[in-house]
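Each remark here refers to the structure printed beneath this line.
The values are calculated or read from the model by the stated rules, or taken from the named source; none is laboratory data. Since the structure is predicted, the reported quantities are computational estimates derived from the model, not experimental observations. For neighbour counting, all protein chains shown are included, and Cβ atoms are generated from backbone atoms with ideal geometry for every residue, glycine included. What goes into the accessible areas is simple: the full protein's heavy atoms, side chains included, and nothing from ligands, DNA or RNA. Shrake-Rupley method; radii C 1.70, N 1.55, O 1.52, S 1.80 Å.
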Amino acid sequence: MKRFILWLASFRLRVLFRTSFLLLALSVVALAVTLLLEEKQRDFRNYQSNLAKTQEQIVARLRHPSGQLALLNPPQAQNAKNNLYPVLLPFSAMDFDDQSKVRNAVEMAGCLIQYPHQGSLCVAIGNNPWAGGFIYAAGTFVSRSLVSHDIGDRFLDGAHRMRVGVEVRGQAYRWLAPFEVMPSRRGAAVEGVRGRFTGYVELNGRDYEGALPVKDFRGWVWQSAQCVDVAQSGDDCLRTSFFSVRLPVDVLIADLLKTRKTMWPPPDLADIHVDVEVLSPGEASVLFDSRAAGAVAPFSLEELGVLLQPGEVLRIRKENATQDLAQIRSKDNHRELSSPLLAHLIRRLPVKGYDAPVDLTGTVVTPSGNYTVLLHGDAARAINRTLSATATRVSWFVVAMLAAITLAWLVIEVGLVRRIAQLTRRARKLTKSSAKGPDALATYDLSDLKGSDELGLLATCLNDLLRRVKEDAGREKIRAEQEKDQWHAVGHEIMSPLQSLLALHANPDDPSHRYIARMQQAVRVLYGHASPSEAFQSSTLALESMDINAFLTSVAANATHIGIDNVIYVPLLSAVPVSADEYSLEDVIGHLLRNADRHRVPGTPITLKLEVDGKAGDPAAMVSIHNVGPEIPSEWSRRIFEYGVSGLQDTGANGRRGQGLFVAKTYMAKMGGTLGVRNEADGVSFILGLQRAVAH
């Protein structure tokens, strides 16, 4: 545990540094999320207040005569047919003889349709059926000074005139009304021109001799004295004329006379077609045409959609009605760019009462009945969309802050922390491998970490110190080699007198012979006439034919005598002769068994297996020695057979010099065989290949 704590402490500064930057980035994100939550709460409160104001504004607009006109003439009727038809006024009738009253009525009701060239027209009926079945037409047109029709003139096209047509229930009414100037009262101040449109039933020709005007057709026109262009003056400039006409429709009048419970307005009001034209004298162009393109319709209920926010629905229903008169949804013509991730985050932020629907109700009183106004609000949709679009626009500030934090971390990480980590790892590895000798020290180089900063100076000092240690270790190795050669020479000089003493005591029963032999063997092992690797390579073996099957059976049975338990071998049914040196082969298998015993998982067996294939004389007798344990790294698969290479630490201290596999490899080569290693699924197998011999 203490070692683990010390190992963890070596990362303390790096963990502290990286955690600080991580907490800084998280604090920026938390700040942004907190601001979004507060903004969502504030927007929700504002939305509730604004929705109530919108409801009050809509009700006030509908209570105005223009709003009542839209209620009395719902969008369904307006869209039923693409023509000009009378609308139901919120007034009982129009005083068409008085310019001020008529102008105030149509302007307040908002029924005027605007046409190009400053023309306008309102075609309507009153909401009181007992005012008569008349259709009213009022509006403006622009012309030069009006030319009057002379009474008694049989031709009407010499003056300004109005042509009006009405089609209702399959019947057509056509009137042609020339302008007739009205004389001013004596002593009365008159501004502009005042006259009337006298209505005649329109004929096919231009000769109206003997034609009588229509009694109930009444029309008035007032031309302003001021020019349209205030910069102009004179009698020839363009002036605005306002007209007011009452059209008698016999079909509607007849319906009123039939019964007192006549339905008003007529149910086919939208099917009545009205045309109004104002003509110049002679064959000149038309001054005003109700069928002209580019007309702008008056206020309708659909225009209330601009007051609604996304998700809001306005429903208008007449009292005691089962269906809505109009259902208007918010217009969604412009969509701002928003991030789906931010929109999802905003939806997840908790605000009390946020997802609950909001419904407000109002009442509008009109002459034809009361109307209920229902406003349904969707705070979630409106606020989410607006807030997500706003958050998307300013999110690059947060992204820029996070990018700056990340950039600062990368600069410090690459320029400082990475070099510290490299220096720490190399120092730790250097500490572990310092006992392996100068060859291990040669693999560590700190020159790439040198620099002019504090860390670079430290790496430079350590690199110089490591170089001096390598030089001292190299000199120590040379001195050890010289001493070894010296001891070889000494051993050679000692072997000669011992050989002479052995000749003097040649009798094996002589105790001196035994001691001299032991001394000779000790000198041969300790000093030798050459290095150990050279001694093994220069040795010679006496090959003979032997039964490898019986040999492996004996090895498995007697392995316990050399301290190796649980060795398993399943013998074959017949003898397998091979060419080998029995004592050397026993030495080879003994080294391999000890190696397998050191690396196997405790309690698992060592398995010997013999496979025979091919003809006699071929290296086809294969012996495998398998143990369950860790695999041999691929980079060590060849080095393990080199002299002095061992997988154990401190090999010199525990009596092992890394020469067992080297001896086994050398002896197998001298016997004409092979030795290899192979990683299995559960461990390692050493494979011996022996030459087959001819059985005697």
## Note on the structure
Checking rank on 21-28, 366-373, with mean other Cβ inside 10 Å and highest first, the result is 366-373, 21-28
### Query
Roughly how many nanometres apart are two label points built 7 Å out from the Cα toward the Cβ at Arg329 and Met182?
5.2 nm
### Cβ-Cβ FRET estimate between Glu319 and Asn83, R0 fixed at 30 Å, reported to 0.05
0.45
### Query
In the range 349-400, what percent of the accessible surface is made up of carbon and sulfur (1.4 Å probe, ligands and nucleic acids excluded)?
64 percent
### Query
Between Asn566 and Lys352, what is the spin-label point distance in nm, taking each point 7 Å from the Cα along the Cα→C-beta axis?
7.0 nm
### Task
State the extension gain, in nm to one decimal, for the chain segment bounded by Val417 and Ala389, taking 0.36 nm per residue of separation less the distance between their alpha-carbons.
6.1 nm
### Query
Long-range amide H contacts for Leu238: which residues qualify at under 5 Å (H placed 1.01 Å from N, peptide plane, sequence gap of 5 or more or a different chain)?
Val228, Asp229
### Task
Kindly flag which residue pairs out of Lys53/Lys331; Lys53/Lys101; Lys429/Lys470 have an alpha-carbon separation exceeding 24 Å in this structure.
Lys53/Lys101
### Query
Want the number for Ser554 to Asn50: 0.36 nm per residue separation, take away the alpha-carbon distance, what's left?
171.3 nm
### Task
Please find the FRET efficiency linking Leu212 to Glu302, where r is the Cβ-Cβ separation and R0 is fixed at 56 Å, and quote it to the nearest 0.05.
0.80
#### Entry: Computed magnitude of the charge dipole of the range 262-392 (debye, nearest 20; Cβ of K, R +1, Cβ of D, E -1)
1020 debye
### Task
Whole number in Å², please: accessible area per residue of the range 308-378, 1.4 Å probe, ligands, DNA and RNA not counted.
63 Å²
### Query
What is the spin-label model distance, in nm, from Gln41 to Ser233 if the labels are put 7 Å beyond Cα along the C-beta direction?
7.0 nm
### Query
Taking the mean number of other Cβ atoms within 10 Å as a proxy for protection, how do you rank 205-216, 156-167 from highest to lowest?
156-167, 205-216
#### Entry: Additional length obtainable on full extension of the chain from Glu642 to Gln114, 0.36 nm per residue less Cα span
179.4 nm
### Message
If R₀ is 51 angstrom, what is the calculated FRET efficiency for the pair Thr34 and Ser145, using the beta carbon separation as r and rounding to 0.05?
### Response
0.10
